[in-house]
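Before any comments, here is the structure.
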């Protein structure tokens, strides 16, 4: 429950509205407490004396109190829900903002479905509790205190007798709250797993269909959904146990008043109106008392949600700009790694070890090596996606940990291995890093990335919506849009992380020709598996098991006879083998018709 108190800072900006809510609650409580006293007077002073005028005046008074209570209830409900909606709005924004700055290492381990569930479902639970539930809780406390004062003032003995059943009710409610909080946490975690299953299935729908695994995924989702059902049944079971007991205890209070109060009436120590008023007070308390279990239920759900929300908010952004960070002006593009080591969280071995290399401004550096050799890990240190475990990563002589992140990353253009596009227009995706870019600049970047031709082939051209993650485009088309997005930034440092892997050979040549021009005047890091992409680099770094095992130009490395030559010879052998296989196949199938060549060429050009 301690996490619930942590939402207090989110309530602070709305003290005026909260004060209005409390004022209306206090006034409502006072009006409600007047009603039984008026009924007592009607019975004792009106009915027993036969005073019809008194009855009429009392009727109008009760009507006025009812209208006033209705108006105050409306104001109270509106102000409470207004505060709740704003708290939910602020909390969701706070979570989203915080997630933006959490390190890559956090997202490497976090499940996106769980994060979505925490941002929506768990915040919604807190929002519900911070509105009507808290208002009802305050109303219960005020009403209980008021009723206790009135009843004890009227008759201490009958008040104590009537309130005896409330003691076990309060004890049961406290125990119920402790249990229900844990159960709701389990429910929230299960709902998060369902959200994660759904998110994975939607994003991976092509893989699911390709491998005909629909039934398998349906069963996986059904199992996760059944887990939610079972955990929710436990909540309902706890609720079902306490509700009848709550009703029975409040009914017992009424029985005690009627029995002992009736005895007092017959003895002449109490009036009939006073007994009726006592019973009205107990019934008045019964409603919020019965609702108390519901409030505890809502509180347990909100407490579980708050725990999950603050687990995210408590995760510190490990990578952030220091207070006295240097704001970089225009970079020259010099990069240096000094004795670099990098070890990811939960990994036993280092991904990079004892890496030393200096890259001069405007150099083209190619990184090549087996999968998992540390190529991407090394270039990820330049924009400071990760921090080194040991050593120093320098840009223009500045330790990247000492510079302001935005000023650093705005001068680095990146085309990642997986080119993710947003559900937006092609124009919006290209201009993502520079929303103020002109139409001419966007088109120029698209032309440089060999994307303009296929873009203008769409009916809406640059206004074409690419769909979620760019699924409406082919792999090559997505990659070219991603390249245009990076080029529009006009970066001093350009990182191409295997960015030509999703394009055909013909498109690769076109893009490479454009990149040759665009690489001039900027430092470029190229990660590639095909040697045809890297052979013209000024410096080639051959990596293996997190270390630089060879460095030099294409000619120097071939002459050295090391790993680079092995990779070169293997790719050459594969190319020759493919050419030989194709020459054997052609006589069997014969020469392709002219129209088939045209179709193939069009498909190649489209990516």
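The values are calculated or read from the model by the stated rules, or taken from the named source; none is laboratory data. Being a predicted model, the structure only gives us computed values, none of them experimental. All Cβ positions, glycine included, derive from the backbone under ideal geometry; neighbour counts span all protein chains shown.
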Options 236, 275, 205: the member that is under 38 Å from the mean Cα position of the chain (by Cα) and modelled with pLDDT of 75 or more: 236
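Given 300, 333, which one is in contact (Cβ under 8 Å) with a residue 40 or more places away in the chain and more than 29 Å from the chain's Cα centre (by Cα)?
Working: 300 fails: more than 29 Å from the chain's Cα centre (by Cα).
Exactly one of 300, 333 is in contact (Cβ under 8 Å) with a residue 40 or more places away in the chain and more than 29 Å from the chain's Cα centre (by Cα), namely 333.
Output yes when any residue across the stretch 378-391 is on the phi > 0 side of the Ramachandran plot, assigned by TED's automatic domain parsing to the domain that holds residue 478, in contact (Cβ under 8 Å) with a residue 60 or more places away in the chain and in contact with a helix residue (DSSP H, G or I) (Cβ under 9 Å, 6 or more places away or on another chain), and no when none is.
Taking the stretch 378-391 and keeping what is on the phi > 0 side of the Ramachandran plot, we get 384, 391.
After this cut, where a residue has to be assigned by TED's automatic domain parsing to the domain that holds residue 478 as well, the list is none.
No.
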The stretch 550-569, subset in contact with a strand residue (DSSP E or B) (Cβ under 6 Å, 6 or more places away or on another chain) and touching a residue at least 40 places away in the same chain (Cβ under 8 Å), residue surrounded by the fewest Cβ atoms within 10 Å (Cβ to Cβ): 551
Single unsatisfied condition, residue 346 versus (1) under 25 Å from residue 552 (Cβ atoms); (2) loosely packed, with under 15 Cβ neighbours inside 10 Å: (1)
Filter result for the condition that a residue is within 30 Å of residue 347 (Cβ to Cβ), buried (at least 20 other Cβ atoms within 10 Å of the Cβ), modelled with pLDDT under 90 and not assigned by TED's automatic domain parsing to the domain that holds residue 360, over 482, 451: 482
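Given the structure, is residue 407 surrounded by fewer than 18 Cβ atoms within 10 Å (Cβ to Cβ) and not in a loop (DSSP other than H, G, I, E, B)? I'd like the intermediate steps shown before the answer.
Details: surrounded by fewer than 18 Cβ atoms within 10 Å (Cβ to Cβ): yes; not in a loop (DSSP other than H, G, I, E, B): yes.
When the stated conditions are applied, residue 407 passes them.
For the stretch 451-468, enumerate the residues that are part of a helix (DSSP H, G or I) and more than 28 Å from residue 509 (Cβ to Cβ).
Of everything in the stretch 451-468, those that are part of a helix (DSSP H, G or I) and more than 28 Å from residue 509 (Cβ to Cβ) turn out to be 463, 468.
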Among the residues listed as 341, 351, 329, the single one being surrounded by fewer than 16 Cβ atoms within 10 Å (Cβ to Cβ) and in the same structural domain as residue 401 (by TED's automatic domain parsing): 341
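Any residue that is touching a strand residue (DSSP E or B) at 6+ places or on another chain (Cβ under 8 Å) and part of a strand (DSSP E or B) - is there at least one of those in the stretch 378-386?
Pass one, the stretch 378-386, residues touching a strand residue (DSSP E or B) at 6+ places or on another chain (Cβ under 8 Å): 378-379, 381-384, 386.
Next, only the ones that are part of a strand (DSSP E or B) stay: none.
Among the residues of the stretch 378-386, not one is touching a strand residue (DSSP E or B) at 6+ places or on another chain (Cβ under 8 Å) and part of a strand (DSSP E or B), which makes the answer no.
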Only listed residue being buried (at least 22 other Cβ atoms within 10 Å of the Cβ), farther than 26 Å from residue 367 by Cβ and either at pLDDT below 90 or not assigned by TED's automatic domain parsing to the domain that holds residue 527 (or both), chosen from 426, 465: 426
